[in-house]
Each structure stands twice: as structure tokens, then as C-alpha cells.
């Protein structure tokens, strides 16, 4: 994850010269594009489900648009983005053997964030409305899909002219999947996720 952060930082720093002579975003309305990578960690709820545990964090991607309404140093920023994510679960059979299984899922996310500008820096937080999609689901989680869920998020942003970089943390407020199917057998387990997002943005307006 640090490797990707450094790549993003280098790409953004190459555009800093644009930000030195441009406006600091005094317009009331901004519209732009944002895309990047995120790390997803699966959390099992409750944690004492026998024979099922969280696996390793997995990489995903996201892409979408944002709108920013500026009120001096404060702003409100809704987004619409498509997110392709992965997760991993650890299964232990009765003989003590451990197996790992990965799964994939897609979502339409609608984050709504409130932030404050500190020069070129931004701090913000808000809620993310998740609309889970059946397309792209692995068979492991297909039958347990929850159609919509919620998450809270907080982040830091850096603006440089038309370009921006954001680092965000997000955690589920409710279940995303209620149960999994493994070897034809249902396992009653709820899954929630934490994400770390790294994004690059470009402001059109």
C-alpha cells in the first residue's frame, strides 16, 4: 500500500506548479473525476463464528465523479463511484486444516462528505451509501448479498490546481453479506469491511 501512495504522491507533485498560480477553488461549484485503489479487510461479525475467520486484506479499484459545493473554507462533496472489491475468508475444517478462499463483489457508492480547507489541504468526513450489485459476485457470497448498506469515512485531501489526491479510511456500519455458501453448505455469518482508499482526482470545473 505504501508503494501505491508514493506513486500517487510523485504524480501529484509533478503538477504542483499548476497549483501555485491557479485559484484555490473560490468557485461555488466544482465538478471532477476521481479514481484510484483501495485495500479491503473483511471483518466477521460476530467474531466467535466457529471455523470461519477474516483473511488477508485485498486490493480493489474505484472510479467515479464528484461535485463540490464551496462555502468559504467549508464544503459539501457528494460523489457517485463504481467500486470493484475483493475479500478473503479463512476456513478451518474439523481436522484442523486451513483453507483460504477469496471472493469479489461490486458496488455503486454514493459518499456524502463535509470538509474544511486548510490552504491546499482538506480534512473531511461523512457517510457512504453502498448499493451492492449481483454482477461480479463470487459464488461464495452470492446468496448472502445485502442490497444496500452504510459506512462512515474520514479522509485527508491535497489540492494542486486541477489535480487532487485523497487518502480515506472507511468502515461498514452494517452487514454487507449475511452468510456464505461453501461446498454447498450455508454458513450463517455477517461480513463487514474496512477500506483504505488512495485516489487521484481531476477538476473539470
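The values are calculated or read from the model by the stated rules, or taken from the named source; none is laboratory data. Owing to the predicted nature of the structure, the values given are computational and were not obtained by experimental measurement. All Cβ positions, even for glycine, are placed from backbone atoms using ideal geometry, and neighbour counts span all protein chains on display.
Miscellaneous remarks
- The lone exception for residue 53 - which of (1) modelled with pLDDT of 50 or more; (2) under 16 Å from the mean Cα position of the chain (by Cα); (3) surrounded by 13 or more Cβ atoms within 10 Å (Cβ to Cβ); (4) more than 21 Å from residue 203 (Cβ to Cβ) it fails: (2)
- Of all residues in the stretch 159-168 being surrounded by fewer than 19 Cβ atoms within 10 Å (Cβ to Cβ) and either in contact with a strand residue (DSSP E or B) (Cβ under 9 Å, 6 or more places away or on another chain) or without any contact (Cβ under 8 Å) to a residue 60 or more places away in the chain (or both), the one that is nearest to residue 125 (Cα to Cα): 167
- Residue that is surrounded by fewer than 20 Cβ atoms within 10 Å (Cβ to Cβ), within 24 Å of residue 202 (Cα to Cα) and free of Cβ contacts under 8 Å to residues at least 12 places away in the same chain, where the choices are 95, 72, 84: 72
- Residue 78 being in contact with a helix residue (DSSP H, G or I) (Cβ under 9 Å, 6 or more places away or on another chain), under 26 Å from residue 31 (Cα atoms) and surrounded by fewer than 17 Cβ atoms within 10 Å (Cβ to Cβ): no
- Among the residues making up the stretch 169-205, a single one is out of contact with any strand residue (DSSP E or B) (no Cβ under 9 Å at 6 or more places or on another chain) and either assigned to a strand (DSSP E or B) or touching a residue at least 60 places away in the same chain (Cβ under 8 Å) (or both): 185.
- Pick from the stretch 154-168, criterion in contact with a helix residue (DSSP H, G or I) (Cβ under 9 Å, 6 or more places away or on another chain) and assigned to a strand (DSSP E or B), ranking: farthest from residue 198 (Cα to Cα): 160
- If the condition is being surrounded by fewer than 16 Cβ atoms within 10 Å (Cβ to Cβ) and modelled with pLDDT under 95, then the stretch 104-118 contributes only 104.
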